[in-house]
Amino acid sequence: MILNRAERMLARRYLLPGKGEGFIFLVASISLVAVALGVAALIIVMSVMNGFRAELFDKIVGLNGHAVVQSYDGRLSNWQQIAEQAKRTPGVTSAIPLIEQPLMATANGRFEGVLVRGMRFEDIRANKTIMGNVRAGDMKSVTPGSGMVALGSRLADTLGAYPGSKITLWNPEGRSTVVGTVPREVTYTVGAVFEIGVYDYDKAFVLLPMQDAQELLLTGDSVGMIEIQTQNPDKVDQIVAPLRKAVQGQGAIVDWRQMNSALFQALEIERVAMFVVLSLIVLVAVFNILSSLIMLVRAKTRDIAILRTMGSSRSGMMKVFVTVGVTIGSLGIVLGVILGAIFLFFRQNVVDAIQAVTGQNLWDPSVRFLTDLPSKSDPVEVAAIVITALILSFLATLYPAYKAASTDPVQVLRYE
């Protein structure tokens, strides 16, 4: 939309308050702030939701892979052949044997349910999710036969067990005696403490070398599952399809969607619902632009009539008022993007400050899964929010601009 010099001058004039127009200017300012708050709220919420999903995906998949081959009875005796076949499957990047078993642990007179995970030493060293989040001790000390284990950070806090402390693991399937089965108990030394950032994992995980886990659980050379990583997690079902025949009768292949379907579906539904609800804020702000322009047109009816008698065209009047409305909306959008970026940058500080003032725990990791408020802005999503707000701002200007362009100079100036 191209404006000539006179139309640009009028648009600038109508954007600034004139004599007796303070109320109109106040309404326009409120409209600008409302658009800014609506856009900022949309950007903040969508970025946090995206960050929440991305963080959960990275951490959960970082520990459990894109898919796992699970045995029916908890033991895969021919896991080497299945792992080799998985590695040869196009699209599969790794196939790692694992043992996972819920057990009881004691330390310092405290009892706690734990999830024991056995991994080969080289697989532990190659796992960035674990090695990149060591909080105390040295993961290199957790070697086969060393008697060392690694604990999740919150489990370590609960048991009071830190590097150098002793922890005893209890296996109910112990040795048989004349009086029944005696649970097997083995004492280890804590070699490292790690923090994944997912509450459920940090609260329960005990990491052992594979050989030590097999000795503790009396499984021999078998494993419980094989973790599979692929090139494209969104196509994992297609990639692992050729493996299903190989494990038929022994186990099943479960991908990350099936393992966490309820969680990720709930996140997606909440994400869409929040977008729709918060879009209403922008819509209300746009109605404020509409009302401020209507008041401006009514206040400037005489001026518009005089301009029309001086040769101003109807299209010129429409362009002036459309420009005024779109400018208010655009300034609000720019301010909203800036506010959103600032809030996201200082998001954890804001949460901590509110918690300090209110005394309430707003981000309980036992409920929220993650220990910190995440954020991941999607440029395409931000652009969609900006474009949507611009379109709504433009549509809100059409009726007042049409009314201004339809002003009849004769009727307005008849009694002047």
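The values are calculated or read from the model by the stated rules, or taken from the named source; none is laboratory data. These figures come from a predicted structure and were not determined experimentally. Ideal geometry is used to build each Cβ from the backbone, glycine not excepted, and the neighbour counts take in all protein chains shown. Heavy atoms of the whole protein, side chains included, go into the accessibility calculation; ligands, DNA and RNA do not. Shrake-Rupley method; radii C 1.70, N 1.55, O 1.52, S 1.80 Å.
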Using a 1.4 angstrom probe on the protein heavy atoms only, line up 317, 259 by accessible area, largest first.
-> 259, 317
Using 1/(1 + (r/R0)^6) with R0 = 41 angstrom and r between the beta carbons of residue 88 and residue 360, what's the FRET efficiency to the nearest 0.05?
-> 0.15
Additional length obtainable on full extension of the chain from residue 170 to residue 301, 0.36 nm per residue less Cα span | 38.5 nm
Close lysine pairs (the chain; alpha-carbon distance under 25 Å; 8 or more apart or on separate chains) counted at 24
Average accessible surface area per residue within the stretch 245-290, 1.4 Å rolling probe, Å² = 57 Å²
What nm value, rounded to one decimal, do you get for the distance between residue 77 and residue 314 when each label is placed 7 Å out toward the C-beta?
-> 8.9 nm
Return the loop-located trypsin sites (Lys or Arg not before Pro) in the stretch 1-102 (DSSP other than H, G, I, E, B) with at most 14 other Cβ atoms within 10 Å of their own Cβ; answer none if there are none.
-> 19
Span per principal axis, largest first, for the Cα atoms of the chain (Å) = 116, 51, 34
Within a Cβ distance under 13 Å of residue 397, other residues only, what is the Lys/Arg minus Asp/Glu net charge?
-> +2
Can you bin the stretch 36-114 into rounded, prolate or oblate? Criterion: square roots of the alpha carbon gyration tensor eigenvalues sorted a ≥ b ≥ c, rounded for a/c under 1.5, prolate for a/b above b/c, oblate for the rest.
-> oblate
Lys and Arg at +1, Asp and Glu at -1: neighbours of residue 155 with Cβ under 13 Å from its Cβ sum to 0
Treat each spin label as a single point 7 Å out from the Cα along the C-beta direction, and report the residue 261 to residue 30 distance in nm.
-> 5.0 nm
Three-way shape call for the stretch 1-136 based on the alpha-carbon gyration tensor, with the a/c threshold at 1.5 = prolate
Axial C-alpha extent at least 30 Å, average Kyte-Doolittle at least -1.0 - helices from the chain (DSSP) = 22-64, 261-299, 314-345, 379-405
Everything considered on the Cα gyration tensor (a ≥ b ≥ c; rounded for a/c under 1.5, else prolate if a/b is larger than b/c, else oblate), the stretch 236-351 must be described as prolate
Which of 77, 133, 102, positive extreme of dipole for the stretch 44-144 (C-beta unit charges) | 133
Calculate one ³J(HN,Hα) per residue across the stretch 93-107 by plugging θ = phi - 60° into the Karplus curve 6.51 cos²θ - 1.76 cosθ + 1.60, and present them in order as whole Hz with x for glycine and proline.
-> 9, 7, 9, 10, x, 9, 10, 10, 8, x, 9, 10, 10, 10, 7
3J(HN,Hα) from dihedral phi, the stretch 160-167, Karplus parametrisation 6.51/-1.76/1.60, rounded to Hz, x for glycine, proline | x, 10, 10, x, x, 6, 9, 9
Using a 1.4 Å probe over the heavy atoms of the protein chains, calculate the carbon and sulfur portion of the accessible area of the stretch 312-351 as a whole percent.
-> 77 percent
Can you give the extra length, in nm with one decimal, that the chain gains between residue 345 and residue 13 once fully stretched, where that is 0.36 nm per residue apart less the Cα-Cα distance?
-> 115.8 nm
Probe 1.4 Å, all protein chains in place: accessible area of residue 114 in Å², nearest 10?
-> 10 Å²
Pop out the carbon and sulfur fraction of the accessible area of the stretch 6-94 as a percent, whole number, probe 1.4 Å.
-> 62 percent
With all protein chains present, how much of the accessible area of the stretch 117-179 (probe radius 1.4 Å) comes from carbon and sulfur, to the nearest whole percent?
-> 52 percent
For residue 118, other-chain or 5+-apart residues with amide H closer than 5 Å (H placed, Pro excluded) are 99, 100, 208
Over the stretch 28-85, give the accessible area per residue in Å² for a 1.4 Å probe, as an integer.
-> 36 Å²
Distance from the Cα centre of the stretch 216-267 to that of the stretch 115-157, in angstrom?
-> 22 Å
Chymotrypsin sites (Phe, Trp or Tyr not before Pro) in the stretch 49-103 lying in a DSSP loop, each with at most 13 other Cβ atoms within 10 Å of its Cβ, come to 72
DSSP beta bridges in the chain: the antiparallel percent, rounded to 5, is 80 percent
So for 129, 309, what's the accessible-area order with a 1.4 Å probe, most first?
-> 309, 129
